[in-house]
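**Student:** Could you have a look at this structure, given as structure tokens, before my questions?
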Amino acid sequence: MADRDLNQYRVEVSRSEDGISAGVRRFVVQLEERMTVLDALFQIQREHDETLSFRCACRVGMCGTCAMSINGVPGLACKTRPKELGKGVLRLAPLPHLPVIRDLVVSLDPFFKQWKEVLPAFRPADANAKTPAVIPASSEFAQAIPRKRDCITCGACFAACGVKATSGEYLGPAALNRAFLRILDPRDGAKKERVERINAERSGVWRCHTQFNCGAVCPKKINLTDTITRLKRGLLFPGRLMR
Ligand code: SF4
Ligand code: FES
């Protein structure tokens, strides 16, 4: 069998325990072309330091648990190939603006606190309906939502948001995107409460400064700035959320 084509990387990992920084540790790993940052972390754990902490589950970009800062940009470790970053050095750190539990593992409590604020679960307008609601694929709602529905709650947009960095109250891009989907849904029975929450002065859409960081880092390529802009427009001109 032909030798595998390996590339060498220096990996710098921010370490911490109980919220106290333990500095940066450096490792050298050998990776095949298609291997990912997550593969590099497993290699470090296996061959250099079994105490290194990071989180993952699906390993295929579906669960959102492996989000971290990769060379200064929030992203998924399981979907990022060092080869594509074009450098021989990987700088890995926990997602910013979230409490660090240990090494690369953060608590997503602040993210989900804001997520819950927009009443994320479906609340039917008619809880006693006997027939299932039908949303034709050709309807404006069905056409508008496919990609925006793909959020995996990874927290990357939350961590990348410049406003979120300085305002704990701001709902943040993912929660606003969730609110958008619910508000647009013709079956929604909690529109009034949701609209009040996204329109709140200190936490709602008006805090967004259109920096585009959120959409740039979203692994599901959700155009979050578009979502927030549509929400603003819908608040100013009711009935114009879609356009
Ligand atoms: S909107 Fe994108 S970046 Fe934000 S939590 Fe969802 S998947 Fe992650
Ligand atoms: S491990 Fe599930 S998204 Fe990376």
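The values are calculated or read from the model by the stated rules, or taken from the named source; none is laboratory data. Please read all numbers here as calculations on a predicted model, not as lab measurements. Glycine gets a Cβ as well: all are built from the backbone with ideal geometry, and neighbour counts include every protein chain shown. The protein model used for the area step is the full one, side chains on, heavy atoms only, and it has no ligands, DNA or RNA in it. Shrake-Rupley method; radii C 1.70, N 1.55, O 1.52, S 1.80 Å.
**Student:** Where does the charge balance sit around F111 when Lys and Arg score +1, Asp and Glu -1, over other residues with C-beta under 12 Å from its C-beta?
**Tutor:** So the environment of F111 carries a net charge of +2.
**Student:** Round to the nearest 10 and give me the degree value, 0 to 90, for the angle of helix 37-47's Cα axis relative to the longest principal axis of the chain.
**Tutor:** Relative to the chain, helix 37-47 is tipped by roughly 40 degrees.
**Student:** Would you please state the base-10 log of I(q)/I(0) at q = 0.10, 0.13 1/Å for the chain, with intensities from the Debye formula using one equal scatterer on every alpha carbon?
**Tutor:** Each listed q maps to, in turn, -0.55, -0.83.
**Student:** Taking only protein heavy atoms into account and a 1.4 Å probe, give the accessible area per residue of region 109-236 in Å². Intermediate values should be presented prior to the final figure.
**Tutor:** Numbers: 6590 Å² over 128 residues.
Here the per-residue accessible area is 51 Å².
**Student:** Read phi for every residue in region 221-234 and hand back ³J(HN,Hα) as whole Hz from Karplus 6.51 cos²θ - 1.76 cosθ + 1.60, θ = phi - 60°, with x for Gly and Pro.
**Tutor:** Values, residue by residue: 6, 7, 7, 6, 5, 4, 4, 5, 5, 5, 5, 4, 5, x Hz.
**Student:** Here's a follow-up. What list of ³J(HN,Hα) values in whole Hz, one per residue of region 140-155 in order, does the Karplus curve 6.51 cos²θ - 1.76 cosθ + 1.60 (θ = phi - 60°) give from phi, with Gly and Pro shown as x?
**Tutor:** 4, 5, 4, 6, 7, 9, x, 5, 5, 7, 7, 4, 10, 6, 7, x
**Student:** Turning to a different aspect of this structure: Along region 123-129, what does the Karplus equation 6.51 cos²θ - 1.76 cosθ + 1.60 (θ = phi - 60°) give for ³J(HN,Hα), rounded to whole Hz, x for Gly and Pro?
**Tutor:** With coefficients 6.51, -1.76 and 1.60, one gets 10, x, 5, 10, 5, 9, 4 Hz.
**Student:** If you take the charge dipole of the chain about its Cα centre, with +1 on Lys and Arg Cβ and -1 on Asp and Glu Cβ, which of C208, G19, W115 is farthest toward its positive end?
**Tutor:** Of the options given, the answer is C208.
**Student:** Right, next: Would you calculate the separation in nanometres between label points at K83 and E193, each defined as 7 Å from the Cα along the Cα-to-beta-carbon direction?
**Tutor:** 5.0
**Student:** Based on the mean of other beta carbon atoms within 10 Å per residue, what is the order of 200-211, 134-145, most packed first?
**Tutor:** 200-211, 134-145
**Student:** Here's something else I'd like to know. What are the residues whose amide H is under 5 Å from the amide H of A190, where those residues sit 5 or more places off or on another chain and H is modelled from the backbone?
**Tutor:** Under 5 Å from the amide H of A190: R123.
**Student:** Pairs to check: K148/K192; K79/K148; K192/K221; K87/K113; K87/K221; K83/K164. Give those whose C-alpha atoms are more than 26 Å from each other in this structure.
**Tutor:** On the way: K148/K192 21 Å; K79/K148 19 Å; K192/K221 29 Å; K87/K113 37 Å; K87/K221 24 Å; K83/K164 31 Å.
Distance filter (> 26 Å) returns K192/K221; K87/K113; K83/K164.
**Student:** How big is the charge dipole of region 148-243 about its Cα centre, in debye rounded to the nearest 20, if each Lys and Arg gets +1 on its Cβ and each Asp and Glu gets -1 on its Cβ? Display every interim value, and only then the final one.
**Tutor:** Numbers: 19 positive and 8 negative charges, 60 e Å.
The calculation lands at about 280 debye.
**Student:** For region 109-236, which semi-axes, largest first and in whole Å, follow from the square roots of 5 times the eigenvalues of its Cα gyration tensor?
**Tutor:** Gyration-tensor ellipsoid for region 109-236: 25, 16, 13 Å.
**Student:** Counting just the Cα atoms, what span does region 6-106 cover along each of its three principal axes? Round to the nearest Å and put the largest first.
**Tutor:** Projected onto the principal axes, the Cα atoms of region 6-106 cover 36, 28, 23 Å.
**Student:** A further question follows. Taking amide H positions as placed 1.01 Å from N in the peptide plane, with prolines and chain starts having none, which residues 5 or more places from I101, or on another chain, fall under 5 Å of its amide H?
**Tutor:** V106, S107
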